[in-house]
Amino acid sequence: MLADKYRTEIDAMLAKYPPGSERSAAMPLLFLAQKEYGHITPAALQEIADLIGVEPTQVGSLVGFYTLYHDQAEGKYRLQICTDLPCALRGAETFAEKVCENLGVKLGETTSDGMITVEAVMCLAGCDHAPMFQVQDADGIHYHEDQTVESALQVVEGLRRRATEGGA
Amino acid sequence: MTEYILLRHRDLPGLDRLEVYRKHGGFEALRKTVTSMTPQQVIDLVKASGLRGRGGAGFPTGVKWSFLTPKVFPRYVVANADESEPGTFKDREILERNPFQFLEGVAICAYAAQATLAYVYCRGEFWDLAHDLEGKIGEMRTEGLLGKKLFGTDASLDIHVHLGAGAYICGEETALLESLEGKLGQPRLRPPFPAAEGLYGKPTVINNVETLANLPPILSRGAEWYRTIGTEKSPGPKVFCLSGHIVRPGNYELPLGATFRELIYTHGGGIPAGRRLKAIMPAGASSSILAASDAVLDTPMDYESVAALGSALGSASLILMDETVDMTWVVRKTTEFFTHESCGKCTPCREGTYWMLHLTERLTGADRQPADASLLGSVARGMQGKCLCALGEFSTMPVTTALERFPAEFSGGGEGAA
């Protein structure tokens, strides 16, 4: 249970908002649930709903609306390549295609070892460092900018190494 | 420009550290504000400076503050750090490299608004940045720059970071407030405006990161000094973002009113591979597209002059396109973006972006029909003036202007038709 394991963190989250505004903690709690469970499970929706006094469907609607919450287990790491106009003008679409080709997947798919899901995403405010992508995992999001296909594949290798060395 | 005012970290390495920022006069503007001025005097000074919102709308900041409903408390200040407009990455540099100038601006704004609580709404993708910012806010608390009895006065303030989770629409200020309240980021019907009923139904000021970063220099050096930079109606420095087909993409701090030519050719190094500049989107994906010409290049980049060209300066995020770019592809890309980001609340935007996407896909594909371009224009014009917020309106701008200013690229079709 989030409430038992992360009591201190949860209290700190709730304390950021005025009394009676607990619902504001829904988004940070969803990130916490994602860290704990890997993705947002129905049980997590109930837990969060109980913590902030709303219905689980109200929490669930946030998962559908915001792109950084996921209700399905995909790859351990989500490699999210910006292919929006400014990045596309600097070759991001070809870059994404080649990264996919090298990993043996199409956009939206996960590598056979279950490690990497490659996705095309909208602008990440890194247009001056295109091609670029972010890696989202349960613990957070990190940027990788000024990329080539080779450097991206090295990032992927690093992630795979981290996953095997790190155990879980 | 002889000295950086907003991107001051480029002159002063290590400015993202509190002791370095303080060594260079950091938080003296806040001290002066809190210990020697009334909130009304701060509002009057910011009005006199002519500072206009840097998030895109260009609305006078001091005037926005003066709309706060009198005598209703608590009030809130929200910093809009949801920077998501394609082509825009200026707030990110300020937040990463010159964060304390921004935070000092938040504190000055809160004092003027008589708010004791402020939130920084960061887009979720700024995960690392937002966590760093929380650490820096913690340092401010430790040093007595936040909390109760600021500088020995009765003023108090705390700041919290709130992380979004991937939704462009949350840059729209009422959608941002909804999101901060733990709801779907969908815009509210206005009026009431946030200055009357904002966060938790209380009077709220929402300002962009770059706008807030302008406040410490204005408070320490005065309105008259500020007006020596920029133009009469658009005073001050601006961070311009250059992306797309440009030799040196990046942020450039120049006075408002610098010309497109100066920014693109003197600072940005011109167009790669000796190609010809074909089109400029001055305000990111939300732009009316300008066909490049000498007249356009010699136009000063201030709010009025760019509007007179039939576009808008917006957040001053220039996406540049050379002669190899197909404008039908450009409108497909911008339409993909807006369709994905439409929040679904109002019908004209939800349905309109869907149909524009359908038509731009067909226009750029093998089964292009002769009537597609006129149909696309009619859908776009049908949306204009009917959407709940600016996103819907913005989605039509590149479409209608590309059709109007590059008609040859949209004519023809039917080759693939049966």
Using amide H atoms built 1.01 Å from N in the peptide plane, name the residues 5+ places from B:LEU117, or on other chains, whose amide H lies under 5 Å from its own. B:VAL77, B:ASP158
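Summing +1 for each Lys or Arg and -1 for each Asp or Glu, what net charge is found among the other residues whose Cβ lies under 12 Å from the Cβ of B:TRP65?
With Lys, Arg at +1 and Asp, Glu at -1, the neighbours total +2.
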Which far-off residues, 5 or more places away or on another chain, put their amide H under 5 Å from the one on B:GLY236, with H placed in the peptide plane? B:ILE229, B:GLY230, B:THR231, B:LEU256
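Determine the dipole magnitude for segment A:1-142: charges of +1 sit on the beta-carbon of Lys and Arg, -1 on that of Asp and Glu, nothing else is charged, the reference point is the Cα centre, and the result goes in debye to the nearest 20.
So the magnitude is around 200 debye.
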If you rank B:HIS267, B:HIS358 by how much accessible surface each has, with a 1.4 Å probe, what is the order from largest down? B:HIS358, B:HIS267
Figure the gain on full extension for B:SER66 and B:ASP158 (residue separation times 0.36 nm, minus the Cα-Cα span) and round it to one decimal in nm. 30.9 nm
Just the ratio, please: alpha-carbon radius of gyration of the protein assembly as shown over 2.2 N^0.38 Å, N its number of residues. 0.95
I'd like the distance separating the alpha-carbon centroids of segment B:139-166 and segment B:66-137, in whole Å. 12 Å
What are the residues whose amide H is under 5 Å from the amide H of B:THR259, where those residues sit 5 or more places off or on another chain and H is modelled from the backbone? B:MET301
Area of B:PHE151 that stays accessible when all protein chains are in place (1.4 Å probe, Å², to 10): 50 Å²
222 nm mean residue ellipticity, helices alone, for chain B (DSSP H n ≥ 4; -39,500 (n - 2.57); rounded to 500): -11500 deg cm²/dmol
What is the spin-label model distance, in nm, from A:GLU74 to A:ALA138 if the labels are put 7 Å beyond Cα along the C-beta direction? 1.8 nm
Expected vector for segment B:210-215, Karplus 3J(HN,Hα) from phi with 6.51, -1.76, 1.60 and θ = phi - 60°, integer Hz, x for Gly and Pro, equals 5, 4, 5, 5, 6, 5
In Å², nearest 10: area of A:LEU2 left accessible to a 1.4 Å probe: 0 Å²
B:LYS345: which lysines have alpha carbons under 16 Å from its alpha carbon, excluding same-chain residues fewer than 8 sequence positions away? B:LYS183, B:LYS386
Between the Cα axis of helix B:99-113 and the main Cα principal axis of chain B, the angle (0 to 90°, nearest 10) is 70 degrees
When the Karplus curve 6.51 cos²θ - 1.76 cosθ + 1.60 is applied with θ = phi - 60°, which whole-Hz ³J(HN,Hα) does each residue of segment B:361-366 get, with x for Gly and Pro? 5, 6, 4, 9, x, 6
Using the Karplus curve 6.51 cos²θ - 1.76 cosθ + 1.60 with θ = phi - 60°, work out ³J(HN,Hα) for each residue of segment A:81-89 in order, rounded to whole Hz, and write x for Gly and Pro. 8, 6, 10, 5, 3, x, 6, 4, 5
State to the nearest 20 debye the size of the charge dipole of the protein assembly as shown about its Cα centre, where the only charges are +1 on K and R beta carbons and -1 on D and E beta carbons. 1520 debye
Quick check for me: using +1 on Lys/Arg Cβ and -1 on Asp/Glu Cβ, what's the dipole size of segment B:12-113 about its Cα centre, in debye to the nearest 20? 360 debye
Taking the alpha-carbon centre of each part, the distance from segment B:348-415 to segment B:222-301 in Å is 27 Å
Please compute one quarter of the surface area of the Cα convex hull for segment B:284-418 and express it in square nanometres. 8.4 nm²
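The values are calculated or read from the model by the stated rules, or taken from the named source; none is laboratory data. Small disclaimer: the values here were computed from a predicted structure and weren't measured. When we count neighbours, we look across all protein chains shown, and the Cβ atoms used for this are built from the backbone with ideal geometry, even at glycine. Note: accessible area is taken over every heavy atom of the protein model, side chains too, but ligands, DNA and RNA are not part of it. Shrake-Rupley method; radii C 1.70, N 1.55, O 1.52, S 1.80 Å.
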